[in-house]
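To start, the structure itself, in structure tokens.
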Amino acid sequence: ASIAGAVASLADVDGSCKVYVAPGTYAETAASTFVVLSKAIEVIGTTGNPKDVTVKRGSQDARIFELSHEGAAIRNLTVSGGKGGNGANAYLTAGLVENCILENGYASAWDGGGGNVYLKGGRVSRCVIRGGYTNPTSTSSGRQVGGGVRAEAGLVENCLITANKNSYAPAARLSGTAKLLNCTITGNYNEKTSEGECGGTVRLEGKNAYVVNCVIYGNTCANDVTGHDAI
């Protein structure tokens, strides 16, 4: 009677499978990453509206979804409140996160960041990424994280990245071959650290990481009336 249980029941099945999730709130309680999609398994909210199906952590602090197969996917879900490791709500090395709300995830700086989502591959499409939080202890560690999105590879497209609140860390940090395409990044908030710096909104590193056709506006830094919208 859980999403983790449904996925586990498919361990010996070859080929692709779909797990359909009825409307409701699912508080998974495993002590570690609880839904690992290492096969061609899709977890899909039945109504098509992510607000109808919420998947959240129970009492333990852990990541929620991990996708590591090109045929793995989660669709039409709200994924909320993952805590602890990088990519607290979703961690991708392959696969697809589509039409989801990823919200209120927390990642500590030393785990690599990505309060809501961390990509080393795969694709995040048509999602709202909001309320992610990181709290690095210095500007040095803050440079390594992204409060909403941290991506070393893969694609984030047609997403709204908003209301992520961080100390120094940008709302999104891209490196490697990561790409941010057709996204709106607005309403994110930075706090200054004791070192007196803000992390900006998008941090882009390396000649192969791209931000393409995105709208970046209305992001603020504590005590900074001009904001920090520059890449």
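Check I216 against each of (1) open to solvent by 70 Å² or more (accessible area, probe 1.4 Å); (2) modelled with pLDDT under 95 and name the one condition it does not meet.
(1)
So, in the stretch 173-211, of the ones that are outside any loop (DSSP other than H, G, I, E, B), open to solvent by less than 20 Å² (accessible area, probe 1.4 Å) and at pLDDT below 90, which residue ends up nearest to G131 (Cα to Cα)?
Checked the stretch 173-211; the qualifying residue nearest to G131 (Cα to Cα) is N190.
If I ask for residues that are under 20 Å from R126 (Cβ atoms) and either in contact with a Pro (Cβ under 7 Å, 6 or more places away or on another chain) or outside any loop (DSSP other than H, G, I, E, B) (or both), which ones from the stretch 47-60 would you list?
Correct list: T47, P50, K51, D52, V53, T54, V55.
Given the criterion at pLDDT below 90 and surrounded by fewer than 21 Cβ atoms within 10 Å (Cβ to Cβ), identify the matching residue among G71, G58, G48.
None of the other options fit; the residue is G58.
If I ask for residues that are in contact with a Gly (Cβ under 7 Å, 6 or more places away or on another chain), among the β-branched types (V, I, T) and surrounded by 24 or more Cβ atoms within 10 Å (Cβ to Cβ), which ones from the stretch 74-118 would you list?
Answer for the stretch 74-118, where residues must be in contact with a Gly (Cβ under 7 Å, 6 or more places away or on another chain), among the β-branched types (V, I, T) and surrounded by 24 or more Cβ atoms within 10 Å (Cβ to Cβ): just V117.
How many residues, within the stretch 20-34, are at pLDDT 90 or above and either over 20 Å from S68 (Cα atoms) or of a type in the set (A, V, I, L, M) (or both)?
Here is the first cut: in the stretch 20-34, the residues at pLDDT 90 or above are 20-26.
Adding the requirement that they be either over 20 Å from S68 (Cα atoms) or of a type in the set (A, V, I, L, M) (or both) leaves 21-26.
The qualifying residues number 6.
Can you confirm whether the stretch 25-43 contains a residue that is in a strand (DSSP E or B), of a type in the set (S, T, N, Q), touching a residue at least 12 places away in the same chain (Cβ under 8 Å) and open to solvent by 50 Å² or more (accessible area, probe 1.4 Å)?
Scanning the stretch 25-43 turns up at least one residue that is in a strand (DSSP E or B), of a type in the set (S, T, N, Q), touching a residue at least 12 places away in the same chain (Cβ under 8 Å) and open to solvent by 50 Å² or more (accessible area, probe 1.4 Å).
Of the residues in the stretch 152-172, how many are open to solvent by less than 10 Å² (accessible area, probe 1.4 Å), aliphatic (A, V, I, L, M) and modelled with pLDDT of 95 or more?
Within the stretch 152-172, residues that are open to solvent by less than 10 Å² (accessible area, probe 1.4 Å), aliphatic (A, V, I, L, M) and modelled with pLDDT of 95 or more number 2.
The values are calculated or read from the model by the stated rules, or taken from the named source; none is laboratory data. Because the structure is predicted, anything quoted here is derived from the model rather than measured. Methodologically, a virtual Cβ is constructed for each residue, glycine included, from the backbone with ideal geometry; neighbour enumeration extends over all protein chains shown. SASA here: full protein model, heavy atoms, side chains in, ligands and nucleic acids out. Shrake-Rupley method; radii C 1.70, N 1.55, O 1.52, S 1.80 Å.
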